[in-house]
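Right, one structure below, let's go through it.
Each reported figure results from applying straightforward, stated rules to the coordinates on display, with no laboratory input. Note that the coordinates shown come from a computational prediction; the quantities given were computed from them, not determined experimentally. Please note: Cβ atoms are built from the backbone with ideal geometry, for glycine as well, and neighbour counts cover all protein chains shown.
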Amino acid sequence: MLKKLAALLVLVVTTQSVGAWEAQTTHAGLAEQAALASRLNRRLITLGFTGGLFEQLTIPPADAKALIEDLHLLSPSHGSVPDARGRQTALAWLAAGAVLADLPASHGADHFYDPQTKRGWERPSSGLTGICASWSCGTSSTSTPPATEQIDRNVRPARSSRYDR
């Protein structure tokens, strides 16, 4: 029993915090929480949007073809893809913008700020040699996790011609 307690104590004392980032949900979740915690809901109501953050807003697909095409590359289950009419809540449009800002996934690093170090994201050293995946240690040709590579291949050419000017 004492050995188990000692082992547990060693784990607790030597454990470090680990950051995690999933391009399609983390930034969107942060944007949603920031909007909900802010006065934006009241401001939208003051401006005449009676539903506030939950007001249905429409961007007709014909008026924003590139935007709608990019959004339809995402999973509808994450809540940032409008319906066929280009309609979703104001809060969902904020989340959609956050998700698109992180595509390709390498752009997500531009939005990260570590309050402990007071600096932006930097590639971590590979302190666990041989244990981490090649994409996370920077030993492959890409620095993005495999789950985001397919979206990157679909979105990168479209975004380059529209947004990277």
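Name every residue in segment 74-92 that is surrounded by 17 or more Cβ atoms within 10 Å (Cβ to Cβ) and either touching a residue at least 24 places away in the same chain (Cβ under 8 Å) or part of a loop (DSSP other than H, G, I, E, B) (or both), in order of residue number.
Leu74, Gly79, Ser80, Val81, Pro82, Gly86, Gln88, Thr89, Ala90, Leu91
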When segment 37-68 is checked residue by residue, the ones that are crowded, with 16+ Cβ neighbours inside 10 Å and part of a helix (DSSP H, G or I) are Leu40, Asn41, Leu44, Gly52, Leu53, Pro61, Leu67, Ile68
Do we find a residue being among the hydrophobic types (A, V, I, L, M, F, W, C), touching a helix residue (DSSP H, G or I) at 6+ places or on another chain (Cβ under 6 Å) and within 20 Å of Thr26 (Cβ to Cβ) anywhere in segment 37-49?
-> no
